[in-house]
Amino acid sequence: MRTHLIAAATALALGSALGLAGCGSDAGSSKGSTDSKTVTIATHDSWAMSKEVMAEFKKETGITVKIQPHGDAGELTNKLVLTKGHPLADGVFGIDNTFASRAVDEGVLARYDAKQPGSAAQFALDGDAGRYLTPIDFGDVCVNIDDTWFAKKKLAPPATFDDLADPAYKNLFVAPGATSSSPGLAFLVATIGAKGDGWKDYWHKLVDNGLKIDAGWEDAYTVDFTAGGGNGDRPIVVSYSSSPPFTVPKGADKPTTSALLDTCFRQVEYAGVLKGADNPKGAQEFIDFMLSHDFQAALPDNMYVYPVDASVALPDGWKTWAPTSPDPVEVSPADITAHRSDWLRDWRDITSR
């Protein structure tokens with residue numbers, strides 16, 4: 001995902017590295033585990049899990065987990081490809097559906113058929129790729145708006161992709177960059193899925209309408225967004241459908257923001273065993289653990305994503321204020337892999353004018 005929100009109501013910190021909350025976990029190892037009692041998992045920087053949950057895994061298996069953060073999903077995947085044949089860890093968590101096909105096609109993963117809840121089948125990769133990456137969580141990257149700001153200005157808020165290019169919203173929209181941010185890339189993919197061959201013309205319109213591009217989600221949301229906890233002046237931002245619950249003011253029961261569910265792209269995060277790992281069995285056991293009820297139930301509160309196990313109850317307020325999109329924009333992982341470089345080159349040309 002991920003691709004997630006890290007704090008409630010005030011300044012959030014998704015884009016920064018979270019450190020490690022897992023019991024018995026530490027970062028910084030440069031290679032996989034050398035004994036069966038330790039497993040090293042390469043992740044994106046937004047990994048977070050409670051000490052209590054991680055302690056369950058160690059209690060059940062006797063294995064200590066070492067978490068090794070490597071930037072966002074794109075940077076993580078690139079590092080795995082560059083170290084193919086000499087894996088830097090035993091397993092990986094956090095490759096998303098914008099990079100999944102590349103990881104599989106490059107041969108950095110070992111096959112593992114994990115036993116998954118039935119509801120996870122909808123997130124499985126097509127064909128043989130599904131035997132190498134196991135879906136763990138998902139989240140919808142969507143445009144968010146500051147409802148309070150629009151109410152005060154007595155301006156009807158946008159609702160669709162087309163609205164974002166309307167002069168009524170000139171200089172009001174901020175987004176993280178597609179070349180430097182996972183949610184930024186997800187938003188670009190959403191516009192491509194929605195606009196087809198017309199996506200470049202659409203982006204020209206966004207730029208002409210004053211779209212501001214930030215390096216990452218943190219700057220876009222916490223600095224430039226009016227409801228992000230800082231002194232931002234832009235009431236429209238690319239974030240997540242799970243963002244609004246964290247803008248509920250103290251003493252209130254309703255968030256000040258909402259997600260535009262017609263603008264969403266669904267990110268799915270996967271886990272896998274790295275080919276040539278020192279401790280592949282430990283990586284397999286940890287993937288199984290990530291599909292357990294307790295780990296799945298802890299995902300919303302720790303990484304602010306939705307569990308793939310539909311039987312897991314969501315936190316209070318999520319069903320009301322953080323619904324998933326009923327009809328997210330769809331672009332296949334294979335299509336993304338085939339065209340990602342061209343899309344990003346064209347996007348860079350458009351937004352750097």
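The values are calculated or read from the model by the stated rules, or taken from the named source; none is laboratory data. This one's a predicted model, so the numbers in the text were calculated from it and none came from an experiment. Using ideal geometry, Cβ is built from the backbone for each residue, glycine included, and neighbour counts are taken over all protein chains shown.
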**Report entry** Qualifying positions in segment 37-87 - closer than 25 Å to Pro183 by Cβ, assigned to a loop (DSSP other than H, G, I, E, B) and not hydroxyl-bearing (Ser, Thr, Tyr)
**Finding:** His44, Asp45, Trp47, Ala48, Met49, His70, Gly71, Asp72
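Looking only at segment 70-87, which residues are in contact with a strand residue (DSSP E or B) (Cβ under 7 Å, 6 or more places away or on another chain) and modelled with pLDDT under 95? Write out each step before concluding.
The initial filter retains those residues of segment 70-87 that are in contact with a strand residue (DSSP E or B) (Cβ under 7 Å, 6 or more places away or on another chain), namely 70, 73, 76-77, 80, 87.
His70, Ala73, Leu76, Thr77 - these are the residues of segment 70-87 that are in contact with a strand residue (DSSP E or B) (Cβ under 7 Å, 6 or more places away or on another chain) and modelled with pLDDT under 95.
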Query raised in the report: Hey, among the residues in segment 201-219 that are at pLDDT below 95 and in a helix (DSSP H, G or I), which one's surrounded by the fewest Cβ atoms within 10 Å (Cβ to Cβ)?
Result: Glu218
Report task. Examine segment 141-158 for a residue that is farther than 30 Å from Asn302 by Cβ, outside the structural domain of Phe187 (by TED's automatic domain parsing) and not hydrophobic (A, V, I, L, M, F, W, C), and state whether such a residue exists. Result -> no
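Among Val248, Val237, which is among the aliphatic types (A, V, I, L, M), within 17 Å of the chain's Cα centre (by Cα) and in the same structural domain as Gly177 (by TED's automatic domain parsing)?
Details: Val248 fails: within 17 Å of the chain's Cα centre (by Cα).
Criteria check complete, one pass: Val237.
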Requested in this report: Looking only at segment 267-275, decide whether some residue is surrounded by fewer than 24 Cβ atoms within 10 Å (Cβ to Cβ) and modelled with pLDDT of 95 or more.
Outcome: yes
**Report entry** Matching residues, segment 291-317, being among the hydrophobic types (A, V, I, L, M, F, W, C), crowded, with 24+ Cβ neighbours inside 10 Å and within 20 Å of Ala121 (Cβ to Cβ)
**Finding:** Phe295, Leu299, Val305, Val308
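Out of the residues in segment 161-176 that are at pLDDT 95 or above and either small (Gly, Ala, Ser) or within 21 Å of the chain's Cα centre (by Cα) (or both), which is surrounded by the fewest Cβ atoms within 10 Å (Cβ to Cβ)? Explain how you work it out, then say what you get.
Initially, segment 161-176 is screened for residues at pLDDT 95 or above, giving 161-175.
Still in the running and either small (Gly, Ala, Ser) or within 21 Å of the chain's Cα centre (by Cα) (or both): 161, 165, 168, 173-175.
Working: Phe161: 19, Ala165: 21, Ala168: 11, Phe173: 26, Val174: 25, Ala175: 26.
The qualifying residue surrounded by the fewest Cβ atoms within 10 Å (Cβ to Cβ) is Ala168.
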**Report entry** Those residues of segment 237-254 which are crowded, with 24+ Cβ neighbours inside 10 Å and either under 12 Å from Pro183 (Cβ atoms) or in contact with a Leu (Cβ under 8 Å, 6 or more places away or on another chain) (or both), in sequence order
**Finding:** Val237, Val238, Ser239, Tyr240, Ser241, Ser242, Ser243
Query - Residues (assigned to a loop (DSSP other than H, G, I, E, B) and touching a Ser or Thr at 6+ places or on another chain (Cβ under 6 Å)) located in segment 104-155 - result: Ala114
Report task. Among the residues of segment 105-137, write down those that are surrounded by fewer than 24 Cβ atoms within 10 Å (Cβ to Cβ) and either among the hydrophobic types (A, V, I, L, M, F, W, C) or within 16 Å of the chain's Cα centre (by Cα) (or both). Result -> Ala110, Ala114, Ala120, Ala121, Phe123, Ala124, Leu125, Ala129
